[in-house]
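Presented below is the structure to which this report refers.
No lab work stands behind these numbers, since they all come straight from the coordinates. In this text, all values refer to a predicted model and were calculated from it rather than measured experimentally. Note: ideal-geometry Cβ built from the backbone for every residue, glycine included; neighbour counts use all protein chains shown.
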Amino acid sequence: MADRSILLVEDNPDDVALTLRALKKNNIANQVVVASDGAEALDYLFGTGKHSGRDLGEMPAVVLLDLKLPKVDGLEVLRRLRTDERTKLLRVVILTSSKEEQDLMNGYKLGANSYVRKPVDFVKFVDAVRQLGMYWLVLNEPPPVEGE
Amino acid sequence: MLKSLLDRLVQAALSDKTRPRKVQSALFGFIVVPVLLVAIISSMQTYKDLTKGVLARREAFASLAAATLKERIDRLMDVGLSLATRVRFRQLVAQGRWEEASQILQDIPREFPAVERILLADLGGTLRADVPVIPSVRGQSFSYRDWYKGVSQEWKPYLSEAYRRMAEPRYNVVAAAIPIRGEDGGPTGILVLQIKLDTFLQWSKEVDMEGGAFLYITDRRGQAVSHPHLPPHGEVLDFSGVAPVQRALRGERGILISQDPVGMEQQVGAYAPIPGYGWAVVVQQAAGTTFAVRNRTLATMAAFYGAVVVLSVLLASVILSMIDRLKRVSNQLELANKELEAFSYSVSHDLRAPLRSIDGFSQALLEDYADKVDAEGKDHLHRIRGAAQRMADLIEALLALSRVTRSEVHRAPLDLSALAGAIAAELQQREPGRQAEWVIQGGLATEGDARLLRAVLENLLGNAWKFTAARAPARIEFGVWAGSDGRPTYFVRDNGAGFDMAYEDKLFGAFQRLHTQAEYAGTGIGLATVQRIIHRHGGRVWAEGAPGKGATFYFTLGP
């Protein structure tokens, strides 16, 4: 799945830099599309606003979704993309600092595929990203519906 | 059972769903109304009792006065009788020798001051002789007099009604007419003793009255025989229209409260008949005086009950305002808790992000600029990373501590042995290389919050695991013994580093540590959390230890 992009929805530029660094460290070469708020994420997914005219046939292999986002909240993004036919089956990994039970519960209820907590320790973070990459980009079988 | 009912009432009153008006009316209903009822009923009863008492006393008084007067009148009649039955006197009268007969009676008025004048009349009522002598009336017929009509009916002794006599001075008198009998027992004449009304007035004054009460007497026609407010020789007034007099003349005794038409004041009149003579005695007193004491007592009672009712209303209001305040405080508390929750939530998210940056970029520096940074520089960066990590741990521990305080304790039966066993397995799995002996007592079932107690055991067993790192083999025990007060006391014992008992009181304080970070990593918050959880279960936690000889942590789980 090396040709598929990774959609990273993250508002904190430090976290973006660190995540990209972690991906690079793990030799994950997929193109990373960064959306710095929920609205931008939806624009990308539905080809509106800043990303209008984008070929919607090319959906990301996995969406790394932070929860606390400006404009449109992470859970709202999840809810929207789960209700649209075009994006319903996307793999969404919630990647957040929050361990609050309500976030966990809501995330799964809205249909997230996975919930990973960002550790403070960068070394551990790199390892987490590695595991995520290994799993979602290599091991996991995507649904066949999306035209390959 | 009463306590649980009370608890439920209080809860209902405090609950948000209960409308304040309902609580208000309930409180007033349950406190004020009963007090008011008691006050009213008790006052009414007291009023009845006191009034009855006073009136009964008055009645008895009138009866006593009547009895006394009867006795005196009887004695007077007896005097007459004894005179009329003197042998010589009877003989003389039978022979018609009136003048001589009256001579026998000469000294009587002097001997009996009550008898003002004596008359001797024949069977037809004509006056034949008198003592003292008043010539103008001799020979006159007095058959129209009440005394004649009365005595001539059955020729029995008769006490007349009051009248003004013919003879001068024209006194108001009452006549006792005694028949004089001859040898054969038939009447031969009439002996009349005239008694001035002063006599009765004087007698009535001898009866001791209190408080403005007075006594008056009427004859059988209701005419005043004596009345302290009337001159004895003025016009003979007719009191037959007065209610108490009417009743007494009917032979009744009792008491009446009526309006005095002249004075406008209410009068209490106790009446009694003078038996045998058909006369009436009335003891009268202003109602105000009669009931003075009663009214004073009632006024005191009313004041007292008034105070009680006022107090109960106050009490009800105080309770109401307390409930109000409690509700407000409770709402504020809930609000504060919600704010705290929101705060903790944002803390957990917002504080970690910068820490991640600090750690991440320090690491990036270490990796990318390894050749450009000397050993000291690398050391600095390591310290930066370490500090960031510790701060993250602290945040975690603080959040855990605050979560424990906020959360409710959900009690359910749980197996502590199984819990301890699972935690032991987890710890061992993290460091499989370590040699450790776990001695966990089986069958330790109790009641408590599973989640919170898991945190307790994780902490205590985790600490034991941590501080026995230098021991081979480490020995960690978990069990229970019957405590000094009979409550099961659980313990976690290890053969690890131990601690100096001198610092025992610092053990459970938040952020207190007894070892340096270099010796044993830790935030120093864990035991504070343990203590809080145990306290919320209503139990106690304490520890024993000695440096180098291991430590034992004990805890109980409340009743």
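Sorted by packing (mean other beta-carbon atoms within 10 Å per residue), highest first, where do B:456-462, A:104-110 land?
Ranking the peptides B:456-462, A:104-110 by packing returns B:456-462, A:104-110.
Past 27 Å, Cα to Cα: identify those pairs from A:99/B:378; A:99/B:506; A:24/A:109; B:378/B:549; A:24/A:68; A:25/B:466, in the order given.
A:99/B:378; A:99/B:506; A:24/A:109; B:378/B:549; A:25/B:466
Report, as an integer, the average count of C-beta atoms from other chains found within 10 Å of each Cβ along B:360-367.
5
Helix B:292-350 against the longest principal axis of chain B: what's the angle in degrees, Cα atoms only, rounded to the nearest 10?
For helix B:292-350, the angle is close to 10 degrees.
Just want to confirm a number: the relative contact order over region B:403-454, from Cα pairs under 8 angstrom separated by 6+ residues, in percent.
The value is 60 percent.
Ignore the peptide's own chain and count Cβ atoms of other chains within 10 Å of each Cβ in A:10-18; give me the average, rounded.
Average per residue, whole number: 3.
How would you rank B:423, B:533, B:195, going from fewest to most other Cβ atoms within 10 Å of each one's own Cβ?
B:423, B:195, B:533
Alpha carbon centre of region A:1-67 versus region B:31-73: separation in Å?
So the separation of the two Cα centres works out to 103 Å.
Would you calculate, for the protein assembly as shown, the mean residue ellipticity at 222 nm contributed by helices, counting each DSSP H stretch of 4 or more residues as -39,500 (n - 2.57) and dividing by all residues, to the nearest 500?
It comes out at -15000 deg cm²/dmol, rounded to the nearest 500.
Report the gain in length on full extension from residue B:332 to residue B:78: 0.36 nm times residue separation, minus Cα-Cα distance, nm rounded to one decimal.
81.6 nm
List the residues, sorted by chain then number, that are 5 or more residues from residue A:113 or on another chain and whose placed amide H is less than 5 Å from its amide H.
A:92, A:94
Over what distance in Å are the Cα centres of region B:425-456 and region B:280-344 separated?
Here the answer is 60 Å between Cα centres.
For residue A:88, give me every one of the aspartates and glutamates with a C-alpha distance below 12 angstrom, ignoring sequence neighbours fewer than eight places off in its own chain.
Straight-line reach from residue A:88, under 12 Å: A:146.
Scanning chain B for chymotrypsin sites (Phe, Trp or Tyr not before Pro) in DSSP loops with at most 13 other Cβ atoms within 10 Å, what's the longest stretch left with none?
Longest site-free region, per DSSP loop and neighbour criteria: B:145-368.
Tell me the Kirkwood hydrodynamic radius of chain B in angstroms, computed as one over the mean inverse distance between distinct C-alpha pairs.
Answer for chain B: a Kirkwood hydrodynamic radius of 35.3 Å.
Among A:51, B:227, which comes first, second and so on when ranked by fewest other beta-carbon atoms within 10 Å?
Least crowded to most crowded, the residues run A:51, B:227.
Just rank B:315, B:5, B:452, fewest to most, by other beta-carbon atoms within 10 angstrom.
B:5, B:315, B:452
How high is the FRET efficiency between residue B:447 and residue B:26 when r is their beta carbon distance and R₀ equals 41 Å, given to the nearest 0.05?
0.70
Using per-residue counts of other Cβ atoms within 10 Å, averaged over each peptide, order A:29-39, B:318-328 from highest down.
Result, highest mean first: A:29-39, B:318-328.
How well do other chains shield peptide A:118-128, expressed as the mean number of their Cβ atoms within 10 Å of each residue Cβ?
6
Can you tell me the length gained on complete extension of the stretch residue B:107 to residue B:233, counting 0.36 nm per residue apart and subtracting the Cα distance?
In short, 42.9 nm is gained.
How about residue B:22: which lysines have a C-alpha closer than 28 Å to its C-alpha, ignoring those fewer than 8 places off in the same chain?
By straight Cα distance, residue B:22 reaches B:3, B:327.
May I ask you to compute the full-extension gain from residue B:321 to residue B:540, defined as 0.36 nm times their residue separation minus their alpha-carbon distance, rounded to one decimal in nm?
Extra length from residue B:321 to residue B:540 when fully extended: 75.2 nm.
In whole Hz, what ³J(HN,Hα) sequence does region B:83-91 give by Karplus (6.51, -1.76, 1.60; θ = phi - 60°), x for Gly and Pro?
5, 5, 9, 4, 4, 4, 4, 5, 4
Count neighbours as other Cβ atoms within 10 Å of each site's Cβ, and list the trypsin sites (Lys or Arg not before Pro) in region B:87-168 that are DSSP loop with at most 16 such neighbours.
B:97, B:138
Any idea what angle helix B:352-368 forms with the longest principal axis of chain B, computed on alpha-carbon atoms, 0 to 90 degrees, nearest 10?
Helix B:352-368 sits roughly 10 degrees off the main axis of chain B.
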